[in-house]
Amino acid sequence: MNSSRVEVAEIIETSSRAIATWTVDQQYREDDTMEMRYGANGRRTWNQEVLARIAHLAEAVALDREKIFIGNALWSKTAFIARELNSVDLCKNLECMKSVLIEQFPKPISNFTTPMINHAVEYLQQNPGCVASPLSQVGTSRDLARMYLMHLLRRDRYEAERLISDLSENGLAFAQICEGILVPAMVEIGHMWHVQEASIADEHYCTTATQQILEVLRSKTPRMAPNGYLVVTTSVGGDLHDLGIRILSAIYETEGWSVECLGANTPADEIANTIAPQLYRGAADLLALSATTSLRIRSVQNAIATVRATPAGKNIPILVGGQPFQLMDDLWQVVGANAQSLTAASSVALALQLVIDNQSKKQKARRIH
């Protein structure tokens, strides 16, 4: 990672509250209708919006990936449109943030931030659309995902579980159920929460119910013969979501892998300790890391650096995945992994090849010595 970019990102992060306050103040000064249109809590709401935007700007600067910031701006536009707010205010807010960073901070900082903010404004102005609903596409799988989610939103876990059980008994493969129904449904509930069509309680209930249904389905799914390989799976530190990594873990188990799933928010040093040989087993053959949002990319990078600094982690194949890796196809190289994959199911063959190649390298090294 470029040290100057990291320094700028850290300055932006430590100054985030001041930047947010100055940005909102400037926008309210330049548009005297803001107070009336957004009401008594408007400034507080805008301040929270800008703080989230600044966090994404810092991440984008540190990693030299402006898509992180543009993607966040697009999500904000989606929320604005859903709430019937004027998305022009969003572009104006970005312009005010740019001005604050130019006027209040040294030029090296605005040299990084100005092009990113300009590109975000241009993208929002040139693209009338917003983030599409994951279930907006037509198709059998999407219809089933809609039906599954509908049952959960009605708090009818029994019907949701029966739907999944019937599909499994009628021949739909475990991975197809996970990635064709469970994943799209959960992405949809997240989208609904973002645009205020679902509550936090809705999202929590649907996620918890899906974790329970996943475990029931996994327990009933025949497992392929063990392949002799161990994968450690986890979401990185700071990431409180682990449904994605649990789905990957379940798919790998059905494919014959031994899996140790550490769940959500695992510190980097604990990940490094876990992949090492233990009293009850040898070292892990593969590490799979997940990041649910773009704000956790540097956590992935830090986890990988920590792992690589240990004897057991120096050469272990590392596979990364999650929402930000679906947006940027070279992000695995930025964080120092060996590969990334769009879906858990499609990563199985790739993971196996990474392990086989790594073992082959070890054998060649031993023969040489």
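The values are calculated or read from the model by the stated rules, or taken from the named source; none is laboratory data. Because the structure is a prediction, the values reported are computed rather than measured. Note that each Cβ is placed from the backbone with ideal geometry, even for glycine, and that neighbours are counted across all protein chains shown.
Yes or no, residue by residue, for (1) farther than 15 Å from Ile251 by Cα; (2) part of a loop (DSSP other than H, G, I, E, B); (3) not basic (Lys, Arg):
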residue	(1), (2), (3)
Ile316	yes, yes, yes
Pro324	yes, no, yes
Val334	yes, no, yes
Ser347	no, no, yes
Leu350	no, no, yes
Members of the range 198-252 that are of a type in the set (Lys, Arg) and closer than 20 Å to Leu350 by Cα: Arg223, Arg246
Candidates Ala185, Ala201, filtered to the one that is within 27 Å of Cys130 (Cα to Cα), out of contact with any Gly (no Cβ under 9 Å at 6 or more places or on another chain) and surrounded by fewer than 15 Cβ atoms within 10 Å (Cβ to Cβ): Ala201
Residue identified as surrounded by fewer than 21 Cβ atoms within 10 Å (Cβ to Cβ) and more than 27 Å from Asn72 (Cβ to Cβ) among Thr310, Thr343: Thr310
Test result for Leu90, in contact with a Lys or Arg (Cβ under 8 Å, 6 or more places away or on another chain) and part of a helix (DSSP H, G or I): yes
In the range 310-369, the residues that are more than 23 Å from Gly180 (Cα to Cα), modelled with pLDDT under 90 and of a type in the set (Val, Ile, Thr): Ile368
Test: residue in the range 127-139 that is closer than 25 Å to Asp31 by Cα, of a type outside the set (Val, Ile, Thr) and assigned to a helix (DSSP H, G or I): no
Residue count, the range 246-278 (criterion: touching a Ser or Thr at 6+ places or on another chain (Cβ under 7 Å) and β-branched (Val, Ile, Thr)): 4
Single residue of Gly190, Gly171, Gly263 found to be touching an Asp or Glu at 6+ places or on another chain (Cβ under 9 Å) and without any contact (Cβ under 8 Å) to a residue 24 or more places away in the chain: Gly190
Which listed residue, of Gln323, Gln278, is without any contact (Cβ under 8 Å) to a residue 24 or more places away in the chain, surrounded by fewer than 23 Cβ atoms within 10 Å (Cβ to Cβ) and either farther than 22 Å from Ala349 by Cβ or out of contact with any helix residue (DSSP H, G or I) (no Cβ under 7 Å at 6 or more places or on another chain) (or both): Gln278
Residue in the range 152-162 that is in contact (Cβ under 8 Å) with a residue 24 or more places away in the chain, closer than 30 Å to Lys77 by Cβ, of a type outside the set (S, T, N, Q) and assigned to a helix (DSSP H, G or I) present: yes
